[in-house]
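These notes concern the structure reproduced below.
The values are calculated or read from the model by the stated rules, or taken from the named source; none is laboratory data. On a predicted model such as this, the values are computed, not experimentally measured, just so you know. Because the Cβ atoms are built from the backbone with ideal geometry, glycine has one as well, and the counts that use them run over all protein chains shown.
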Amino acid sequence: MGKGSLTAFLVFFLMLQANAQIGAMKLVGNNTKDYSMGFGAFIKTGVPVSDAADITMELSANIFPLKGYGMDYGTIMCPLVAGYRYTLNGTGQGLYIEPQIGYSLVGITSLPNDGNDIDLKYHGVVLAGGTGYLFTIGSAPFDLNLRYETVIAHGGSNNFISLGISRFISFGKRDTNY
Amino acid sequence: MKFYLTIAATTLVLSSCYKQSIADSMLGVTSIKQTTTATLSYEINGNPVSISVKDADHQLAGSPTLYCEKSGGYILSGISSFGEIVFTFHTDSLIVGNYKYTSYYGPMYVTSFEGKPQYVYNPGDNMNFTVTSYTDGHISGNFSGQLTPAISPGYPDNIYGTPGSVIIKNGSFNNVPVFY
């Protein structure tokens with residue numbers, strides 16, 4: 001997938017090195033049956049703004065290989081999104097819902113085409129909505145989440161569903177920092 | 001809060017109404033010519049055989065690995081590490097449907113197994129192919145069969161082994177290109 005892919009893989013690798021977490025995801029929509037299950041790494045952080053809610057930031061690198069071609073072809077996207085995470089019980093723990101909005105820093109789709117590979121590069125607006133569960137193990141906060149995300153560019157959209165778990169990095173503490 | 005969440009959910013749903021992926025939109029769906037991977041797999045006496053060919057529409061001229069060619073009838077041919085498998089659809093116009101042939105019309109070579117050619121030869125032997133789809137010049141379907149090994153191939157007649165001792169089952173083929 002060329003230099004762009006190399007960059008995306010580098011981002012993916014660096015995120016893993018930075019203790020980012022991984023998720024499984026599936027592209028949905030028209031002409032997505034040729035894609036395998038995708039995978040991604042993401043770093044998520046946030047600042048409490050109330051007992052129940054955080055403003056979150058998330059950077060992810062998502063890779064969707066094209067079936068039958070290993071990692072030679074497929075789609076890579078690196079969205080940076082901000083979200084408002086609201087816990088339903090108002091404690092900052094437990095079940096939550098979270099709308100997100102952001103921008104896809106990297107978007108690449110590589111397709112085989114009669115020996116002349118097609119490499120498409122794009123950026124676009126990202127919208128996402130999800131739910132999840134916040135819990136702690138010891139003193140480490142974790143975030144198990146399921147979300148639907150869409151990247152919009154050039155009059156089209158790449159839509160996917162992802163399931164992930166991350167060790168949440170929080171700046172600030174509840175009851176003191178809002 | 002509910003109001004804002006409703007707005008967010010509605011925006012997300014509406015944004016997904018774009019019918020095309022970004023790639024399709026940038027190129028135009030009709031201009032994308034994604035290559036096709038053809039596959040064929042089956043079990044022969046319990047041994048799995050699998051063939052997969054990337055970019056099946058552009059296989060090496062003179063030595064294609066998996067294809068169907070109109071030549072008299074339509075000859076489906078695949079080459080694996082087990083050897084070749086050959087099946088002729090005896091028709092002038094291949095369509096979706098079942099094509100089952102017995103030994104009624106004489107011995108019919110199908111494949112090789114354990115170093116011996118396998119034929120539809122004895123009563124009860126057969127090859128049963130079903131074409132479930134034929135679209136855009138590619139066929140998909142499934143097959144099974146019962147064969148008899150030729151233990152001593154010769155001319156004019158082979159010497160055959162145990163009747164019906166070779167079973168082909170769980171056969172399937174997908175996106176096999178049809179060449180004219």
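For residue A:50, state whether it is surrounded by fewer than 21 Cβ atoms within 10 Å (Cβ to Cβ) and either in contact (Cβ under 8 Å) with a residue 24 or more places away in the chain or away from chain B (no Cβ under 14 Å) (or both).
yes
For segment A:78-153, which fully contained strands (runs of 3 or more DSSP E) count at least 1 residues that are in contact (Cβ under 8 Å) with a residue 60 or more places away in the chain and more than 25 Å from residue A:66 (Cα to Cα)?
A:140-153
Can you name the residue in segment B:119-156 that is among the β-branched types (Val, Ile, Thr) and surrounded by 19 or more Cβ atoms within 10 Å (Cβ to Cβ) and, of all such residues, is farthest from residue B:108 (Cα to Cα)?
B:139
Within segment A:120-138, is even one residue closer than 30 Å to residue B:57 by Cα and either at pLDDT below 90 or not aromatic (Phe, Trp, Tyr) (or both)?
Within segment A:120-138 (the criterion being closer than 30 Å to residue B:57 by Cα and either at pLDDT below 90 or not aromatic (Phe, Trp, Tyr) (or both)), the answer is yes, since at least one residue qualifies.
Looking at segment A:36-85 only, could you name the residues that are more than 18 Å from residue A:152 (Cβ to Cβ) and among the hydroxyl-bearing types (Ser, Thr, Tyr)?
Listed by number, the residues that qualify are A:36, A:45, A:50, A:56, A:69, A:73, A:84.
Would you point out the residue of segment B:150-168, among those that are out of contact with any Phe, Trp or Tyr (no Cβ under 7 Å at 6 or more places or on another chain) and not in a loop (DSSP other than H, G, I, E, B), that is modelled with the highest pLDDT?
For segment B:150-168, the residue satisfying everything is B:167.
Can you tell me which residues in segment A:135-151 are crowded, with 20+ Cβ neighbours inside 10 Å and either among the aliphatic types (A, V, I, L, M) or more than 8 Å from every other protein chain (Cβ to nearest Cβ) (or both)?
A:143, A:145, A:147, A:149, A:151
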